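Visitor: Pasting a structure below so you can have a look.
The values are calculated or read from the model by the stated rules, or taken from the named source; none is laboratory data. Please read these numbers as outputs of a predicted model, since none were measured by experiment. Counting neighbours? That spans all protein chains shown, and the Cβs are built from the backbone with ideal geometry, glycine included. Calculation scope for accessible area: heavy atoms of the full protein, side chains included, ligands and nucleic acids excluded. Shrake-Rupley method; radii C 1.70, N 1.55, O 1.52, S 1.80 Å.
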2 protein chains.
Amino acid sequence: MPASLHKVSDSAIRRLSIYLRVLGGLEREGKETVSSQVLADRAGTTAAQVRKDLSLFGSFGKRGLGYLVTTLRDELRGILGVSRTWRVALVGIGRMGAALLEYPHFRARGFEFVAVYDSDPEKVGSRRGMLTVEDARVLEESLRETGVEIVVLTVPAGAAQEVADAAVRAGVRGIMNFAPVALKVPPGVRVNAVRLTVELEVLSFSLGSVADRD
Amino acid sequence: MPASLHKVSDSAIRRLSIYLRVLGGLEREGKETVSSQVLADRAGTTAAQVRKDLSLFGSFGKRGLGYLVTTLRDELRGILGVSRTWRVALVGIGRMGAALLEYPHFRARGFEFVAVYDSDPEKVGSRRGMLTVEDARVLEESLRETGVEIVVLTVPAGAAQEVADAAVRAGVRGIMNFAPVALKVPPGVRVNAVRLTVELEVLSFSLGSVADRD
DNA sequence: CCTTTCTTGTGAAGCTTTTCACAAGGCGCC
DNA sequence: GGCGCCTTGTGAAAAGCTTCACAAGAAAGG
């Protein structure tokens, strides 16, 4: 059942992305085939889960043998939509923004920063690698002109919604949001929130609300 | 049913952390009470979900009135284990590490960096804010001495497992891992992975594997 | 004091995701 | 060519999570 219109869960997609990363490693190691078991071990899940996830999109394996590393990798890239390049803009160039701009894994996976914005006059006009920081006031028009498809938001919480609105008006349909606030966007626009503090608090909880004061 | 030993799902804990953030905002706005509906709107979930999540740990509301903002906030801080300060170490001070070190929301929530490590001799000995970068070779002993409880890992994928092993030997039970690799740790140690590329690929998938080449 | 209005807490239902288990298929060796 | 071994693909069962719907409780106003 090669389902392409079946609703596929977010967690399944996350795992596919992880499999893709693992396959890259296997390829570099010169492995030609891989079993669901090995893939699962490296991805941190189970063999059954791997097979189920892949079966959502087709039958990519060979019984008795496993999956062909390169073939499966290409299939996953197609499924995830990363066999092409995405045009990404960064809004808000503080320390976090600067780190993301240089983050090597983004470009390696086909996500290319094509514009940077900030509202601080001190920063506007300065260069960051190959890009010049533009004024956030021209965000909407500039995003449209540049053909940006995805926006990475690293602005303070108070400014996030406003920027998101402008991005949506400019036709952006994907937002990766680092600001600690829930963005409201119209249907058809997808927001993916990265909540660093939440991740730490999940750890804190796990380490035991045993809560010995210090 | 105030369950403290019931197994509570990860997603529930994530939401509690978000509620905590929202409550902080409400408090700053001077609101004294809040209904599950309003809390849900601001957190990006549903009223029923809010009530269910809270009911996992007790009955904090007043029927007909809602929740007392300050009281609920204190309760959540207790549940999540953030009514105390956690001693955190950063390993790997590249751009991402530097950004996290200065990330204002961590300290504001009780996560305090008390040590920084790197293996690059150029960086060892240099200062970052109040801290001096230490040599990663002394990681294990130094973590133990400093009483570090949580490690934030921003090293290259190839070095991550090794560092994690040392941290575990030093008694660390919580790891926030930014390296694109699945860490193996013994039971009792919790790893929380932050996978930035995965987040972008989820976006890419959502924006339609419709895949118009560019 | 009684009624109205509001909102929680929660069993139960509904839905989604994961795990299980095994038939079917392919490869290689004898 | 046949046999044994290995691994996939997948229904079905199990587990887990979210939504629903409503009784019960609390406040406020008459």
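Visitor: Filter the stretch A:100-124 down to the residues that are among the aliphatic types (A, V, I, L, M) and within 15 Å of the chain's Cα centre (by Cα), then identify the one that is farthest from residue A:155 (Cα to Cα).
Guide: A:108
Visitor: Right, something else. Could you identify the single residue in A:191, A:138, A:133, A:124 that is without any contact (Cβ under 8 Å) to a residue 60 or more places away in the chain and within 14 Å of chain B (Cβ to nearest Cβ)?
Guide: A:191
Visitor: Just wondering, is there one or more residues in the stretch A:38-46 that are out of contact with any Leu (no Cβ under 9 Å at 6 or more places or on another chain), open to solvent by 10 Å² or more (accessible area, probe 1.4 Å) and more than 13 Å from DNA strand D (Cβ to nearest atom)?
Guide: no
Visitor: Condition (residue is in a loop (DSSP other than H, G, I, E, B) and over 20 Å from the mean Cα position of the chain (by Cα)) applied to the stretch B:193-202: is it met by at least one residue?
Guide: no
Visitor: While we're on this one: Could you list, in sequence order, the residues of the stretch A:101-118 that are buried (at least 22 other Cβ atoms within 10 Å of the Cβ) and more than 7 Å from every other protein chain (Cβ to nearest Cβ)?
Guide: A:113, A:116, A:117, A:118
Visitor: For the list (1) touching a residue at least 60 places away in the same chain (Cβ under 8 Å); (2) within 12 Å of chain A (Cβ to nearest Cβ), I need the number of the one condition that residue B:207 fails.
Guide: So the condition that residue B:207 fails would be (1).
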